[in-house]
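Visitor: There's a structure below that I have some questions on.
The values are calculated or read from the model by the stated rules, or taken from the named source; none is laboratory data. Bear in mind the structure is a predicted one, so any value in this text is a computation, not a measurement. Neighbour counts run over all protein chains shown; Cβ positions are idealised from the backbone, glycine included. Side chains are part of the model used for accessible areas, which takes the heavy atoms of the whole protein and leaves out ligands, DNA and RNA. Shrake-Rupley method; radii C 1.70, N 1.55, O 1.52, S 1.80 Å.
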Amino acid sequence: MKRAIDRRQFGIGGVAAAALAAGGQARAQGGPLKIRIGWVVVPASLGPLVLEKKELLTHFGRSYVAEATRFEGTPPVITALAAGELEIGPLAFSSFGLAIQNAHMDDLRVICDEIQDGVAGHGTNEFMVRNDGPIQSAADLKGKVLATNAMGSAVDIARAMLRRSGLEANRDYTVVEAPFPAMRAMLAEKKADLISAVPPFSLDPDLRAMAHTLFTQRDAFGVTQLTMWTARESFIQKNRAALVDFLEDTVRAIRWYTDQKNHDEAVAIVARLNKAPPARMDWAFTSRDQYRDPNGTPNLDALQNNLKQQKEVGFLKDDLDVKKYSDLSMVEEAAKRLA
């Protein structure tokens, strides 16, 4: 299974040392906690965004330092969490259920919102087909090739739309994996008949000139807790105080990015991370973008409904009680500090 393709380290060295020298207090018994965070795509993923704004991270270098590792999708994050290679793993609602039921990670806990799809007044992921092709509905995808970033990811799970039309993977259509940046080329070269398009790639003007949206993530699942931060209970219990500090800094950063007075700088950061012109990223943190909770609070009701829908279409074996697998006490304490 393809996994980490880009590793960016933040503060393991000069910045952390400077903070400590300035008088910051490290954790007792061994210095600042090192937190390894996974991420998939910017701006949906929090990790790189938070760590780009070190001036907002008042506890950075004192109680924690952090680094971020990129993955092609959230399913490989399950492997990294299980192997102890990540402390905080971004999981989609789809991969979260798989982690518990298939990987038997009963100690996994939702700790913070990352991004929500389908919220009124905000954007949603799109599933696109060529303008000059014959596909007019999900039923027309019989015998076709679908491209997804990773099997079991949040966008891959939208295959539920095809199941509702009586189509099954491998029997009625083929699924291939490809990174998001390659999706437009696959569609243009007719290597795929339908692609998963997420921001910023879904807003590529070249893509939108040649393709249109067949259905959206909202069409497939309504409001979704698209991705959220998760951590294992043993890590939480051992490092709760430092995690609250980190989540306080995270919530502060979320509020900075979503404050429209900071829009130009926020867009410049997203553009730099995507190696794209700022004008191409101007939609970020606007109504065209997906929703981020200003207190870092995930939508557990939506998550519960998402898992229920997964079971109904056969992608999960059993029901899951999301409250059993959530610990929001840390992000709630962090938000209270900033009230």
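Visitor: Quick check on the range 14-38: of everything there that is at pLDDT below 95 and either closer than 30 Å to P181 by Cβ or assigned to a helix (DSSP H, G or I) (or both), which residue is most open to solvent (accessible area, probe 1.4 Å)? Can you show your working first?
Guide: Start the filter on the range 14-38 by keeping residues that are at pLDDT below 95, which leaves 14-31.
Then drop every residue that is not either closer than 30 Å to P181 by Cβ or assigned to a helix (DSSP H, G or I) (or both), which leaves 14-21.
Working: G14: 62, V15: 71, A16: 11, A17: 55, A18: 58, A19: 16, L20: 65, A21: 89 Å².
Among them, the one singled out is A21.
Visitor: Anything in the range 300-326 that is free of Cβ contacts under 8 Å to residues at least 60 places away in the same chain and assigned to a loop (DSSP other than H, G, I, E, B)? List them, or say none.
Guide: D319, D321 - these are the residues of the range 300-326 that are free of Cβ contacts under 8 Å to residues at least 60 places away in the same chain and assigned to a loop (DSSP other than H, G, I, E, B).
Visitor: Which members of the range 83-117 meet the condition of being small (G, A, S) and closer than 26 Å to A284 by Cβ? Don't jump to the end; show me each part of the working.
Guide: Quick first cut of the range 83-117, residues small (G, A, S) only: 83-84, 89, 92, 94-95, 97, 99, 103.
Scanning the range 83-117 gives G89, A92, S94, S95.
Visitor: Separate question: Find the strands (runs of 3 or more DSSP E) located wholly in the range 192-293 whose residues include 2 or more that are crowded, with 22+ Cβ neighbours inside 10 Å, and list them. Full working, then the answer.
Guide: Working: elements: 194-197, 211-216, 224-232.
Correct list: 194-197, 224-232.
Visitor: Considering only the range 227-244, I want to know if a residue exists there that is closer than 26 Å to A192 by Cβ and touching a Pro at 6+ places or on another chain (Cβ under 6 Å).
Guide: Initial filter on the range 227-244 (closer than 26 Å to A192 by Cβ): 227.
Adding the requirement that they be touching a Pro at 6+ places or on another chain (Cβ under 6 Å) leaves 227.
Within the range 227-244, one or more residues are closer than 26 Å to A192 by Cβ and touching a Pro at 6+ places or on another chain (Cβ under 6 Å).
Visitor: Still on this structure, I have one more. So P298 passes all but one of these: (1) under 17 Å from P90 (Cβ atoms); (2) surrounded by fewer than 21 Cβ atoms within 10 Å (Cβ to Cβ); (3) of a type outside the set (A, V, I, L, M, F, W, C). Which condition number does it fail?
Guide: (2)
Visitor: Spot the failing condition for R337; the list is (1) within 26 Å of S94 (Cα to Cα); (2) in contact (Cβ under 8 Å) with a residue 24 or more places away in the chain, and only one is missed.
Guide: Status for R337: all satisfied but (1).
Visitor: Then there is this: If we keep just the residues of the range 78-105 that are without any contact (Cβ under 8 Å) to a residue 40 or more places away in the chain and not small (G, A, S), which is nearest to Q225 (Cα to Cα)?
Guide: Checked the range 78-105; the qualifying residue nearest to Q225 (Cα to Cα) is I78.
Visitor: If the Cβ limit is 6 Å and pairs must be 6+ apart or interchain, which residue in the range 56-70 that is over 23 Å from P43 (Cβ atoms) pairs with which residue that is among the polar types (S, T, N, Q)?
Guide: Close Cβ pairs (under 6 Å, with a partner that is among the polar types (S, T, N, Q)) amount to R62/Q25.
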